[in-house]
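Visitor: Sharing a structure, written as C-alpha coordinates. Questions coming.
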Amino acid sequence: MAPSGRRVPKKGSGFSVVKITILALALIPALVVLSTFYQTNSLNELGERELAEENERMEEEAKQIESSVISHPILAIPDEENLDSITEESSSGTPIPPGSSAHFEKVRRNVGSEPMDGDWLLNCPDLPPPNYPKAYPAMDVINNWGPDRPNPVPPKHYHALCRFDYKKDLKKALTYRDAEVPFILFNVPQAEEVVKKWAEPGYLEKLSGNKQSYKTEVSHNNHFMYFSGGGAKGKGKKAWRPPTGSEQMTFKDFKKAALSCEARNCSADEKHYYFRITAPKMGHFMFDELPFYKPKRSSIFLKDPKGQRGIHCRFGMQGVIAENHYDGSRNIIGVFGGRRRYILAHPNQCKNMYLFPMGHPSGRHSGDACNFDPACKDSANSVDWSNPDLEKYPKFKDLQVNEVLLSAGDFMYLPTHWFHYIISVGLNYQCNTRSGRDDTYVKDVSKCGFK
(Lines give C-alpha, C1' and ligand atoms only; values in the text may rest on other atoms or scores of the structure.)
Protein backbone atom coordinates (compact mmCIF):
# COMPACT_ATOMS: atom_id res chain seq x y z
CA MET A 1 0.00 0.00 0.00
CA ALA A 2 1.29 3.42 -0.95
CA PRO A 3 2.19 5.93 1.76
CA SER A 4 -0.58 8.35 2.75
CA GLY A 5 -0.92 11.42 0.51
CA ARG A 6 0.91 9.92 -2.48
CA ARG A 7 -1.00 9.16 -5.68
CA VAL A 8 -0.05 6.01 -7.57
CA PRO A 9 -1.13 6.02 -11.23
CA LYS A 10 -3.26 3.12 -12.30
CA LYS A 11 -1.83 0.72 -14.82
CA GLY A 12 -2.55 1.88 -18.37
CA SER A 13 -4.00 5.21 -17.19
CA GLY A 14 -1.92 7.45 -19.63
CA PHE A 15 1.40 8.25 -21.29
CA SER A 16 4.56 7.64 -19.36
CA VAL A 17 7.17 10.39 -18.95
CA VAL A 18 9.36 8.66 -21.54
CA LYS A 19 6.56 8.57 -24.12
CA ILE A 20 5.76 12.29 -23.61
CA THR A 21 9.42 13.24 -24.02
CA ILE A 22 9.74 11.23 -27.26
CA LEU A 23 6.60 12.88 -28.66
CA ALA A 24 7.84 16.39 -27.78
CA LEU A 25 11.19 15.77 -29.47
CA ALA A 26 9.43 14.53 -32.56
CA LEU A 27 7.28 17.71 -32.77
CA ILE A 28 10.16 20.21 -32.46
CA PRO A 29 11.27 20.07 -36.14
CA ALA A 30 7.69 20.57 -37.27
CA LEU A 31 7.28 23.58 -35.00
CA VAL A 32 10.50 25.13 -36.30
CA VAL A 33 9.30 24.72 -39.90
CA LEU A 34 5.94 26.28 -39.09
CA SER A 35 7.59 29.20 -37.28
CA THR A 36 9.95 29.90 -40.17
CA PHE A 37 7.07 29.74 -42.63
CA TYR A 38 5.01 32.18 -40.54
CA GLN A 39 7.87 34.69 -40.19
CA THR A 40 8.71 34.53 -43.90
CA ASN A 41 5.10 35.12 -44.91
CA SER A 42 4.77 37.97 -42.39
CA LEU A 43 7.82 39.70 -43.85
CA ASN A 44 6.53 39.23 -47.37
CA GLU A 45 3.21 40.77 -46.37
CA LEU A 46 4.97 43.73 -44.75
CA GLY A 47 6.64 44.59 -48.05
CA GLU A 48 9.90 46.27 -48.89
CA ARG A 49 8.62 49.85 -48.37
CA GLU A 50 7.29 49.11 -44.89
CA LEU A 51 10.55 47.39 -43.95
CA ALA A 52 12.57 50.39 -45.10
CA GLU A 53 10.39 52.74 -43.05
CA GLU A 54 10.71 50.50 -40.00
CA ASN A 55 14.49 50.41 -40.35
CA GLU A 56 14.62 54.21 -40.63
CA ARG A 57 12.49 54.57 -37.53
CA MET A 58 14.72 52.22 -35.54
CA GLU A 59 17.85 54.05 -36.72
CA GLU A 60 16.32 57.39 -35.70
CA GLU A 61 15.44 56.05 -32.25
CA ALA A 62 19.00 54.80 -31.85
CA LYS A 63 20.35 58.26 -32.72
CA GLN A 64 17.99 59.88 -30.19
CA ILE A 65 19.15 57.50 -27.49
CA GLU A 66 22.80 58.25 -28.29
CA SER A 67 22.24 62.01 -28.22
CA SER A 68 20.05 62.04 -25.09
CA VAL A 69 23.20 62.23 -22.96
CA ILE A 70 25.48 64.90 -24.41
CA SER A 71 28.89 66.03 -23.30
CA HIS A 72 27.86 69.43 -21.91
CA PRO A 73 27.74 68.91 -18.11
CA ILE A 74 24.82 71.28 -17.47
CA LEU A 75 22.48 70.22 -20.27
CA ALA A 76 23.11 66.47 -20.04
CA ILE A 77 20.20 64.12 -19.30
CA PRO A 78 21.19 61.55 -16.64
CA ASP A 79 21.14 57.86 -17.56
CA GLU A 80 17.89 56.20 -16.53
CA GLU A 81 19.96 53.04 -15.83
CA ASN A 82 21.71 54.85 -12.98
CA LEU A 83 18.56 55.97 -11.20
CA ASP A 84 18.43 52.93 -8.92
CA SER A 85 21.92 53.63 -7.63
CA ILE A 86 21.09 57.32 -7.22
CA THR A 87 18.15 56.54 -4.97
CA GLU A 88 20.34 54.36 -2.77
CA GLU A 89 23.13 56.91 -2.40
CA SER A 90 22.95 60.59 -3.27
CA SER A 91 25.84 62.08 -5.20
CA SER A 92 26.38 64.46 -2.31
CA GLY A 93 26.56 61.61 0.20
CA THR A 94 23.66 63.06 2.22
CA PRO A 95 20.65 60.96 3.31
CA ILE A 96 17.81 60.50 0.84
CA PRO A 97 14.97 62.87 1.85
CA PRO A 98 11.60 61.42 2.89
CA GLY A 99 9.13 61.26 0.02
CA SER A 100 11.92 61.14 -2.54
CA SER A 101 11.74 59.17 -5.76
CA ALA A 102 14.06 58.01 -8.51
CA HIS A 103 12.99 60.97 -10.63
CA PHE A 104 13.61 63.47 -7.85
CA GLU A 105 17.08 62.07 -7.25
CA LYS A 106 17.85 62.84 -10.89
CA VAL A 107 16.60 66.39 -10.30
CA ARG A 108 18.60 66.63 -7.10
CA ARG A 109 21.78 65.65 -8.89
CA ASN A 110 21.15 68.26 -11.59
CA VAL A 111 20.49 71.00 -9.02
CA GLY A 112 23.89 70.25 -7.48
CA SER A 113 23.33 71.97 -4.12
CA GLU A 114 21.50 70.91 -0.96
CA PRO A 115 19.06 72.98 1.15
CA MET A 116 20.73 74.86 3.97
CA ASP A 117 18.55 73.07 6.54
CA GLY A 118 18.58 69.76 4.67
CA ASP A 119 14.84 69.87 3.87
CA TRP A 120 13.78 69.72 0.21
CA LEU A 121 10.14 70.20 1.29
CA LEU A 122 8.87 67.17 -0.62
CA ASN A 123 6.14 66.45 1.95
CA CYS A 124 4.47 69.80 2.46
CA PRO A 125 1.07 69.90 4.20
CA ASP A 126 -2.15 70.06 2.21
CA LEU A 127 -2.52 73.76 3.01
CA PRO A 128 0.28 76.36 3.03
CA PRO A 129 1.48 76.72 6.64
CA PRO A 130 1.68 80.13 8.34
CA ASN A 131 4.67 82.24 7.27
CA TYR A 132 5.31 80.04 4.22
CA PRO A 133 7.76 80.26 2.58
CA LYS A 134 10.50 80.68 5.14
CA ALA A 135 12.70 83.77 4.69
CA TYR A 136 16.31 84.56 5.58
CA PRO A 137 18.39 87.76 5.79
CA ALA A 138 19.34 88.80 2.26
CA MET A 139 22.94 89.38 3.31
CA ASP A 140 23.22 85.77 4.51
CA VAL A 141 22.04 84.53 1.11
CA ILE A 142 24.36 86.89 -0.79
CA ASN A 143 27.39 86.17 1.39
CA ASN A 144 26.85 82.43 0.95
CA TRP A 145 26.69 82.74 -2.83
CA GLY A 146 27.66 86.03 -4.44
CA PRO A 147 25.45 86.82 -7.46
CA ASP A 148 28.47 87.81 -9.57
CA ARG A 149 30.04 84.40 -8.83
CA PRO A 150 27.65 81.82 -10.28
CA ASN A 151 30.30 79.11 -10.26
CA PRO A 152 31.25 77.09 -8.40
CA VAL A 153 27.81 76.36 -7.00
CA PRO A 154 28.02 76.20 -3.19
CA PRO A 155 27.26 72.92 -1.36
CA LYS A 156 24.16 74.48 0.24
CA HIS A 157 21.65 77.21 -0.57
CA TYR A 158 18.64 78.80 1.17
CA HIS A 159 15.91 76.68 -0.39
CA ALA A 160 12.42 77.35 1.01
CA LEU A 161 9.76 76.38 -1.59
CA CYS A 162 7.67 73.21 -1.56
CA ARG A 163 8.52 70.80 -4.35
CA PHE A 164 5.49 69.00 -5.79
CA ASP A 165 5.65 65.92 -8.01
CA TYR A 166 3.22 66.51 -10.89
CA LYS A 167 2.23 62.82 -10.96
CA LYS A 168 1.53 62.55 -7.23
CA ASP A 169 0.92 66.04 -5.81
CA LEU A 170 -1.06 67.91 -8.47
CA LYS A 171 -4.08 68.46 -6.22
CA LYS A 172 -1.85 69.89 -3.50
CA ALA A 173 -0.04 72.11 -6.01
CA LEU A 174 -3.39 73.51 -7.20
CA THR A 175 -4.27 74.34 -3.59
CA TYR A 176 -1.03 76.30 -3.16
CA ARG A 177 -1.56 78.01 -6.51
CA ASP A 178 -5.05 79.09 -5.50
CA ALA A 179 -3.65 80.35 -2.19
CA GLU A 180 -1.27 82.52 -4.28
CA VAL A 181 2.01 81.32 -2.80
CA PRO A 182 5.10 80.22 -4.76
CA PHE A 183 6.09 76.57 -5.22
CA ILE A 184 8.05 74.26 -7.54
CA LEU A 185 6.52 71.59 -9.78
CA PHE A 186 8.58 68.76 -11.28
CA ASN A 187 8.22 65.40 -13.06
CA VAL A 188 5.92 66.78 -15.78
CA PRO A 189 6.04 64.24 -18.66
CA GLN A 190 5.48 66.77 -21.47
CA ALA A 191 8.18 69.02 -20.05
CA GLU A 192 10.63 66.12 -19.78
CA GLU A 193 10.15 65.49 -23.50
CA VAL A 194 10.97 69.14 -24.22
CA VAL A 195 14.11 68.88 -22.07
CA LYS A 196 15.31 65.86 -24.06
CA LYS A 197 14.61 67.48 -27.43
CA TRP A 198 16.23 70.78 -26.53
CA ALA A 199 19.36 68.95 -25.37
CA GLU A 200 19.82 67.34 -28.79
CA PRO A 201 22.66 68.95 -30.76
CA GLY A 202 21.27 71.27 -33.43
CA TYR A 203 17.63 70.99 -32.36
CA LEU A 204 17.13 74.55 -31.09
CA GLU A 205 19.10 75.95 -33.99
CA LYS A 206 16.68 74.28 -36.39
CA LEU A 207 13.60 75.17 -34.31
CA SER A 208 14.49 78.86 -34.16
CA GLY A 209 15.54 79.00 -37.82
CA ASN A 210 19.20 78.42 -38.58
CA LYS A 211 19.64 81.85 -40.16
CA GLN A 212 16.81 83.65 -38.36
CA SER A 213 18.08 86.48 -36.16
CA TYR A 214 16.32 87.80 -33.06
CA LYS A 215 16.57 91.00 -31.05
CA THR A 216 19.01 90.12 -28.27
CA GLU A 217 19.77 92.20 -25.19
CA VAL A 218 23.43 93.13 -24.76
CA SER A 219 25.24 94.48 -21.71
CA HIS A 220 28.84 95.61 -21.22
CA ASN A 221 28.80 93.45 -18.07
CA ASN A 222 26.55 90.72 -16.64
CA HIS A 223 23.74 93.02 -15.38
CA PHE A 224 20.43 93.43 -17.21
CA MET A 225 17.51 95.59 -16.14
CA TYR A 226 14.25 96.28 -17.91
CA PHE A 227 13.64 99.86 -18.97
CA SER A 228 11.14 101.74 -21.09
CA GLY A 229 11.64 104.89 -23.09
CA GLY A 230 14.28 106.01 -25.54
CA GLY A 231 17.94 106.95 -25.30
CA ALA A 232 20.07 109.02 -22.97
CA LYS A 233 18.37 111.78 -20.98
CA GLY A 234 19.50 114.68 -18.79
CA LYS A 235 22.73 115.62 -17.09
CA GLY A 236 24.06 115.75 -13.56
CA LYS A 237 21.47 114.77 -10.95
CA LYS A 238 18.89 114.21 -13.68
CA ALA A 239 21.09 112.03 -15.87
CA TRP A 240 19.84 108.67 -17.08
CA ARG A 241 21.35 106.27 -19.60
CA PRO A 242 19.85 103.01 -20.95
CA PRO A 243 21.35 100.16 -18.87
CA THR A 244 21.57 97.79 -21.86
CA GLY A 245 21.50 97.78 -25.65
CA SER A 246 20.46 95.24 -28.28
CA GLU A 247 21.81 93.37 -31.28
CA GLN A 248 20.35 91.03 -33.89
CA MET A 249 21.63 87.50 -33.31
CA THR A 250 20.88 83.92 -34.33
CA PHE A 251 20.48 81.28 -31.65
CA LYS A 252 23.53 79.50 -33.05
CA ASP A 253 25.71 82.58 -32.54
CA PHE A 254 24.29 83.16 -29.06
CA LYS A 255 24.99 79.58 -27.98
CA LYS A 256 28.53 79.80 -29.35
CA ALA A 257 29.16 82.95 -27.30
CA ALA A 258 27.61 81.39 -24.19
CA LEU A 259 29.68 78.20 -24.37
CA SER A 260 32.82 80.25 -25.00
CA CYS A 261 32.05 82.25 -21.85
CA GLU A 262 31.71 79.06 -19.80
CA ALA A 263 34.84 77.46 -21.25
CA ARG A 264 37.04 80.31 -20.02
CA ASN A 265 34.87 81.08 -16.94
CA CYS A 266 34.29 84.62 -18.17
CA SER A 267 34.26 87.51 -15.73
CA ALA A 268 31.28 89.66 -14.71
CA ASP A 269 32.83 92.65 -16.48
CA GLU A 270 32.80 91.05 -19.92
CA LYS A 271 30.15 91.58 -22.59
CA HIS A 272 27.07 89.39 -22.00
CA TYR A 273 24.08 88.45 -24.13
CA TYR A 274 20.49 87.66 -23.13
CA PHE A 275 18.77 85.91 -26.04
CA ARG A 276 14.99 85.89 -26.31
CA ILE A 277 12.19 84.41 -28.39
CA THR A 278 8.69 85.78 -27.81
CA ALA A 279 5.54 84.03 -29.00
CA PRO A 280 2.86 86.75 -28.83
CA LYS A 281 -0.09 84.48 -29.62
CA MET A 282 -1.24 81.06 -30.83
CA GLY A 283 0.18 80.14 -34.21
CA HIS A 284 3.77 80.80 -33.21
CA PHE A 285 5.94 77.66 -33.21
CA MET A 286 6.59 77.93 -29.46
CA PHE A 287 2.95 77.11 -28.71
CA ASP A 288 3.33 73.79 -30.52
CA GLU A 289 6.68 73.20 -28.86
CA LEU A 290 5.28 73.93 -25.36
CA PRO A 291 1.67 72.66 -25.57
CA PHE A 292 1.10 72.90 -21.80
CA TYR A 293 1.19 76.71 -22.25
CA LYS A 294 -1.67 76.76 -24.77
CA PRO A 295 -4.56 78.87 -23.40
CA LYS A 296 -7.25 76.26 -24.02
CA ARG A 297 -8.46 75.73 -20.48
CA SER A 298 -7.55 76.39 -16.88
CA SER A 299 -4.71 74.19 -15.63
CA ILE A 300 -1.81 74.19 -13.18
CA PHE A 301 0.07 76.21 -15.82
CA LEU A 302 -2.67 78.72 -16.57
CA LYS A 303 -5.16 79.70 -13.90
CA ASP A 304 -6.80 82.29 -16.15
CA PRO A 305 -6.25 81.32 -19.82
CA LYS A 306 -7.97 84.50 -21.02
CA GLY A 307 -5.34 86.51 -19.17
CA GLN A 308 -2.43 84.91 -21.00
CA ARG A 309 -0.15 87.26 -22.93
CA GLY A 310 2.00 84.90 -24.97
CA ILE A 311 5.08 82.82 -24.19
CA HIS A 312 8.35 84.52 -23.30
CA CYS A 313 11.55 82.50 -23.67
CA ARG A 314 14.84 83.76 -22.26
CA PHE A 315 18.13 82.04 -22.96
CA GLY A 316 20.84 83.03 -20.50
CA MET A 317 24.60 82.64 -20.44
CA GLN A 318 26.77 82.16 -17.36
CA GLY A 319 26.59 85.10 -14.97
CA VAL A 320 23.64 86.96 -16.55
CA ILE A 321 21.67 88.80 -13.85
CA ALA A 322 18.13 90.08 -14.35
CA GLU A 323 17.78 92.75 -11.66
CA ASN A 324 15.20 92.53 -8.88
CA HIS A 325 11.60 93.33 -9.88
CA TYR A 326 8.01 92.13 -9.64
CA ASP A 327 5.54 91.29 -12.42
CA GLY A 328 1.99 92.57 -12.54
CA SER A 329 0.45 89.15 -13.21
CA ARG A 330 0.68 85.48 -12.23
CA ASN A 331 3.73 83.78 -13.67
CA ILE A 332 4.60 80.13 -14.34
CA ILE A 333 8.28 79.71 -15.16
CA GLY A 334 9.69 76.58 -16.79
CA VAL A 335 13.36 75.70 -17.20
CA PHE A 336 14.11 73.37 -20.12
CA GLY A 337 17.90 73.33 -20.06
CA GLY A 338 20.62 74.26 -17.58
CA ARG A 339 20.09 75.92 -14.20
CA ARG A 340 18.70 79.22 -12.98
CA ARG A 341 18.95 80.72 -9.52
CA TYR A 342 16.14 82.94 -8.21
CA ILE A 343 16.33 85.07 -5.07
CA LEU A 344 12.71 85.65 -4.03
CA ALA A 345 11.08 88.11 -1.66
CA HIS A 346 7.54 88.58 -0.36
CA PRO A 347 5.81 91.79 -1.57
CA ASN A 348 5.83 93.11 2.01
CA GLN A 349 9.62 93.46 1.70
CA CYS A 350 9.39 96.27 -0.88
CA LYS A 351 10.24 98.88 1.78
CA ASN A 352 13.78 97.46 2.03
CA MET A 353 14.53 97.37 -1.71
CA TYR A 354 14.94 101.02 -2.76
CA LEU A 355 12.77 100.42 -5.83
CA PHE A 356 12.66 102.92 -8.66
CA PRO A 357 9.22 104.62 -8.58
CA MET A 358 6.56 104.33 -11.23
CA GLY A 359 7.39 106.80 -13.97
CA HIS A 360 11.08 105.96 -13.86
CA PRO A 361 12.32 104.07 -16.98
CA SER A 362 13.00 101.09 -14.68
CA GLY A 363 10.07 101.54 -12.28
CA ARG A 364 9.40 98.64 -9.81
CA HIS A 365 13.04 97.50 -10.17
CA SER A 366 16.11 97.88 -7.99
CA GLY A 367 19.68 97.88 -9.25
CA ASP A 368 22.08 100.40 -10.74
CA ALA A 369 19.91 102.71 -12.84
CA CYS A 370 22.41 103.25 -15.67
CA ASN A 371 24.40 100.04 -15.25
CA PHE A 372 27.36 101.96 -13.82
CA ASP A 373 27.55 104.55 -16.59
CA PRO A 374 29.83 107.38 -15.33
CA ALA A 375 27.36 109.96 -16.63
CA CYS A 376 24.89 108.90 -13.90
CA LYS A 377 27.24 109.09 -10.91
CA ASP A 378 25.28 111.98 -9.38
CA SER A 379 21.74 110.91 -10.32
CA ALA A 380 19.19 109.06 -8.19
CA ASN A 381 20.02 105.38 -7.94
CA SER A 382 19.17 102.12 -6.19
CA VAL A 383 20.96 99.31 -4.39
CA ASP A 384 23.07 96.84 -6.37
CA TRP A 385 22.18 93.40 -4.98
CA SER A 386 25.44 91.87 -6.17
CA ASN A 387 27.47 94.35 -4.09
CA PRO A 388 25.13 96.23 -1.72
CA ASP A 389 26.38 99.46 -0.15
CA LEU A 390 24.83 99.17 3.32
CA GLU A 391 25.91 102.65 4.35
CA LYS A 392 24.11 104.23 1.44
CA TYR A 393 21.18 101.79 1.54
CA PRO A 394 20.91 100.73 5.22
CA LYS A 395 17.42 99.18 4.96
CA PHE A 396 18.78 96.48 2.67
CA LYS A 397 20.29 94.67 5.66
CA ASP A 398 16.71 94.12 6.92
CA LEU A 399 15.57 92.54 3.66
CA GLN A 400 14.25 88.97 4.06
CA VAL A 401 14.52 86.57 1.12
CA ASN A 402 14.96 82.94 0.10
CA GLU A 403 16.35 81.34 -3.01
CA VAL A 404 15.48 78.67 -5.56
CA LEU A 405 17.80 76.75 -7.84
CA LEU A 406 15.80 75.39 -10.78
CA SER A 407 17.13 72.72 -13.13
CA ALA A 408 15.86 71.39 -16.45
CA GLY A 409 12.26 70.15 -16.11
CA ASP A 410 11.38 72.33 -13.11
CA PHE A 411 8.52 74.84 -13.05
CA MET A 412 8.04 77.60 -10.49
CA TYR A 413 4.74 79.32 -9.80
CA LEU A 414 5.25 82.98 -8.89
CA PRO A 415 2.22 85.01 -7.76
CA THR A 416 1.55 88.60 -8.80
CA HIS A 417 3.84 91.14 -7.06
CA TRP A 418 6.40 88.59 -5.80
CA PHE A 419 9.92 89.93 -6.23
CA HIS A 420 12.57 87.93 -8.04
CA TYR A 421 16.24 88.45 -8.84
CA ILE A 422 17.53 86.00 -11.45
CA ILE A 423 21.04 84.62 -11.99
CA SER A 424 22.04 82.29 -14.84
CA VAL A 425 24.33 79.61 -13.42
CA GLY A 426 25.38 78.62 -16.94
CA LEU A 427 23.83 78.29 -20.39
CA ASN A 428 20.12 77.82 -19.71
CA TYR A 429 16.73 77.82 -21.44
CA GLN A 430 13.70 79.29 -19.66
CA CYS A 431 10.18 79.96 -20.93
CA ASN A 432 7.38 81.52 -18.91
CA THR A 433 3.79 82.51 -19.46
CA ARG A 434 1.41 84.67 -17.45
CA SER A 435 -2.26 84.15 -16.69
CA GLY A 436 -4.09 87.14 -15.35
CA ARG A 437 -3.64 89.30 -12.30
CA ASP A 438 -4.36 88.64 -8.65
CA ASP A 439 -4.66 91.39 -6.02
CA THR A 440 -3.76 89.40 -2.91
CA TYR A 441 -0.63 91.48 -2.29
CA VAL A 442 -1.78 94.91 -3.49
CA LYS A 443 -1.89 96.22 0.10
CA ASP A 444 1.78 95.29 0.54
CA VAL A 445 3.12 96.99 -2.59
CA SER A 446 0.79 99.99 -2.25
CA LYS A 447 2.77 100.99 0.85
CA CYS A 448 5.73 101.46 -1.50
CA GLY A 449 3.80 103.46 -4.10
CA PHE A 450 2.80 100.59 -6.43
CA LYS A 451 -0.46 98.91 -7.35
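The values are calculated or read from the model by the stated rules, or taken from the named source; none is laboratory data. Quick caveat, the model's predicted, so the values are computed rather than measured. Heads up, the Cβs are rebuilt from the backbone with ideal geometry, glycines too, and the neighbour counts pull from every protein chain shown. Note: areas computed on protein heavy atoms with side chains; ligands, DNA, RNA excluded. Shrake-Rupley method; radii C 1.70, N 1.55, O 1.52, S 1.80 Å.
Visitor: Taking just the alpha carbons, could you work out the radius of gyration and Dmax for region 297-341, both in angstroms?
Guide: 12.8, 37
Visitor: What span do the alpha-carbon atoms of region 319-375 cover on each of the three principal axes, reported in whole Å from largest to smallest?
Guide: Here the Cα extents, ordered largest to smallest, are 38, 28, 19 Å.
Visitor: What Kirkwood hydrodynamic radius do you get for region 210-275 when you take the inverse of the mean 1/r over all pairs of distinct Cα atoms, in Å?
Guide: 13.4
Visitor: Now for a different question. To the nearest 20 Debye, how big is the dipole of region 232-318 about its Cα centre, given +1 on the beta carbon of each Lys and Arg and -1 on that of each Asp and Glu?
Guide: On the way: 19 positive and 8 negative charges, 118 e Å.
Here region 232-318 has a charge dipole of around 560 debye.
Visitor: Rounded, prolate or oblate: which fits region 158-273 when a ≥ b ≥ c are the square roots of the eigenvalues of the alpha-carbon gyration tensor, with rounded for a/c under 1.5 and prolate only if a/b beats b/c?
Guide: Values: a/c = 2.34, a/b = 1.39, b/c = 1.68.
Here region 158-273 falls in the oblate category.
Visitor: How much length is gained on full extension from residue 149 to residue 167, taking 0.36 nm per residue of separation minus their Cα-Cα distance? Let's see the in-between values first.
Guide: Working: separation 18, 0.36 × 18 = 6.48 nm, distance 3.53 nm.
Gain on stretching residue 149 to residue 167: 3.0 nm.
Visitor: Step through the table entries 306/451; 172/395; 255/451, compare each Cα-Cα distance with 30 Å, and write down the pairs that go over it. If you can, show how the numbers build up before the last one.
Guide: On the way: 306/451 21 Å; 172/395 36 Å; 255/451 38 Å.
Among 306/451; 172/395; 255/451, the Cα-Cα distance tops 30 Å for 172/395; 255/451.
Visitor: How long is region 280-365 along each principal axis, judged by its Cα atoms, biggest number first, in Å?
Guide: 40, 32, 24
Visitor: About the Cα centre of region 268-361, how large is the charge dipole given +1 on each Lys and Arg Cβ and -1 on each Asp and Glu Cβ? Please answer in debye to the nearest 20.
Guide: Details: 15 positive and 7 negative charges, 84 e Å.
Dipole of region 268-361, to the nearest 20 debye: 400 debye.
Visitor: Quote the Stokes-Einstein diffusion coefficient, in whole µm² s⁻¹, for region 331-446, based on the Kirkwood radius over alpha carbon pairs, a temperature of 37 °C and a viscosity of 0.692 mPa s.
Guide: It diffuses with D of about 209 µm²/s by this estimate.
Visitor: On average over all directions, what projected area in square nanometres does region 232-387 have, based on the convex hull of its Cα atoms? Could the numbers behind the result be given before it?
Guide: Details: hull surface 45.8 nm².
Mean orientational projected area (region 232-387, Cα hull): 11.5 nm².
Visitor: Continuing with the same structure: From the alpha carbon gyration tensor of region 254-328, can you work out the equivalent ellipsoid semi-axes (sqrt of 5 times each eigenvalue) and give them in Å, largest to smallest?
Guide: Three semi-axes, in Å: 31, 15, 9.
Visitor: Another one. Please report the accessible area of residue 330 (heavy atoms, 1.4 Å probe, ligands and nucleic acids excluded) in Å², nearest 10.
Guide: Its heavy atoms expose roughly 20 Å² to the probe.
Visitor: A further question follows. When the chain is fully extended, how far beyond the present Cα-Cα distance does residue 127 get from residue 392, taking 0.36 nm per residue of separation? Walk me through the intermediate numbers first.
Guide: Values: separation 265, 0.36 × 265 = 95.40 nm, distance 4.05 nm.
Additional length available on full extension: 91.4 nm.
Visitor: Counting just the Cα atoms, what span does region 391-448 cover along each of its three principal axes? Round to the nearest Å and put the largest first.
Guide: 36, 33, 15
Visitor: With a 1.4 Å probe and all protein chains kept in place, how do 442, 320 rank by accessible area, largest first? Spell out each step's value before the answer.
Guide: Details: 442 35, 320 0 Å².
My answer, sorted largest first, is 442, 320.
Visitor: Given 0.36 nm per residue, what is the gain on full extension from residue 253 to residue 306 after removing their alpha carbon distance, in nm? Please list the in-between numbers first.
Guide: Values: separation 53, 0.36 × 53 = 19.08 nm, distance 3.56 nm.
Length difference between fully extended and current span is 15.5 nm.
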